[in-house]
Amino acid sequence: MTLKIFFELVEIKAKIASVWPFLLGLIFVQANFHQLNWGVTVLFFIAMLLFNMAVDINDNYQDYTKAGNQAAEWKKKTNIIGVQHLHIHRVFALMASFAVVAGIIGVYLVWVTGWPLLIMGVLCFLVGYLYAGGPRPLSGTPTGEFFAGFTMGYLIMLITVYLNLYQTTQFTGGLMARVLLSSGVAVMAIAALLLANNICDAKEDLDLDRKTIVYYLGKQRSLWLFAGFYIVGYLSLIASVLIGDLPVWSLLSLISIPLIYRNVAAFFRIQVKKQTFILAVRNLAILALTTVLAELLGLWIG
């Protein structure tokens, strides 16, 4: 397996969806509590990245192994395992090794920091596996966007905050709600990315017996939901600034609105995977870059 194929198998371009909330968590802690525990934070970053790669490998693995004879052409021409003629057992071994190492690091962090991390970590592991695995994968249900957005956008940020505050008494229910608000822009952008994927794959999903939210809402209402995700994300960012959890300079990230609007409008016109799904990916990258840079600027100035 070449490095290029490996990167495609683990969907390296999508890793921004997990690194972004991690960075938002660091900024949130520094802005509000002025303390960072780099040791446990770096370990968590490694475990998070390994597990995220394991999840994406599992997505490809499950899609390939569960596709029936009627999807033979899809397996050969679309799925990375079939396209690159990868050995299925080696793919599974790679996925398992990443998950095991991430789990070992996670157990160590729980031992060091306490039981709240265990609860959050188990939730992440369950959703990560069940998104593509199990008898009824979440990715083929109307709840896929919710669970993925919640775990990647919110729980990654929340765990990052917890690891930097576990030695204090400041990690409370109220703080968890504040983190949820601050993570809203990431939660919504990740949900929008997955929804865009499902909109583009609507026909293919039906052939694979996957009934996503697009099946129930229809394409037009799903497109409006896609646009609505970004609106809610921006509103949550503004609200977090207003209550003082994010620096005022974070509002500078609102300069991204015209770019996001242009990409959303283009996606409304055409929903073709190879042609316009990239627009949702770009939106994620634009929001990640502008929010992180604007919040870092706020920390530096203020």
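All of the numbers you see were taken from the coordinates with simple rules; none came from a lab. These numbers come from a predicted model, not from an experiment. Reconstructed Cβ throughout: ideal geometry from the backbone, glycine too, with neighbour counts over all protein chains shown.
A compact table of results
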{"item": "Extended-chain gain in nm, criterion 0.36 nm per residue less alpha-carbon gap, LYS274 and ILE301", "result": "5.6 nm"}
{"item": "Burial ranking of peptide ranges 25-31, 151-157, 42-48 (average Cβ count within 10 Å, highest at the top)", "result": "151-157, 25-31, 42-48"}
{"item": "Rh by Kirkwood over Cα pairs, then Stokes-Einstein D for segment 1-68 at 1.002 mPa s and 20 °C, µm²/s", "result": "155 µm²/s"}
{"item": "For the chain: span of alpha carbons on each principal axis (Å, largest first)", "result": "58, 45, 33"}
{"item": "Cβ crowding within 10 Å averaged over residues, with 189-202, 161-174 ranked highest first", "result": "189-202, 161-174"}
{"item": "VAL100 paired with GLN170, simple spin-label distance in nm, labels 7 Å along Cα-to-beta-carbon", "result": "3.9 nm"}
{"item": "Computed FRET value (nearest 0.05) for PHE6 with LYS219, which takes r as the C-beta separation and R₀ as 25 Å", "result": "0.15"}
{"item": "For ARG269, net neighbour charge (Lys/Arg +1, Asp/Glu -1) across residues whose Cβ lies under 13 Å away", "result": "+2"}
{"item": "Peptides 282-291, 102-111 ordered by average Cβ neighbours within 10 Å, highest first", "result": "282-291, 102-111"}
{"item": "Three-way shape call for segment 88-205 based on the alpha-carbon gyration tensor, with the a/c threshold at 1.5", "result": "oblate"}
{"item": "Total lysine pairs under 13 Å (Cα atoms) in the chain, excluding pairs fewer than 8 apart on one chain", "result": "6"}
{"item": "Alpha-carbon centroid distance for the pair segment 87-117 / segment 1-63, whole angstrom", "result": "13 Å"}
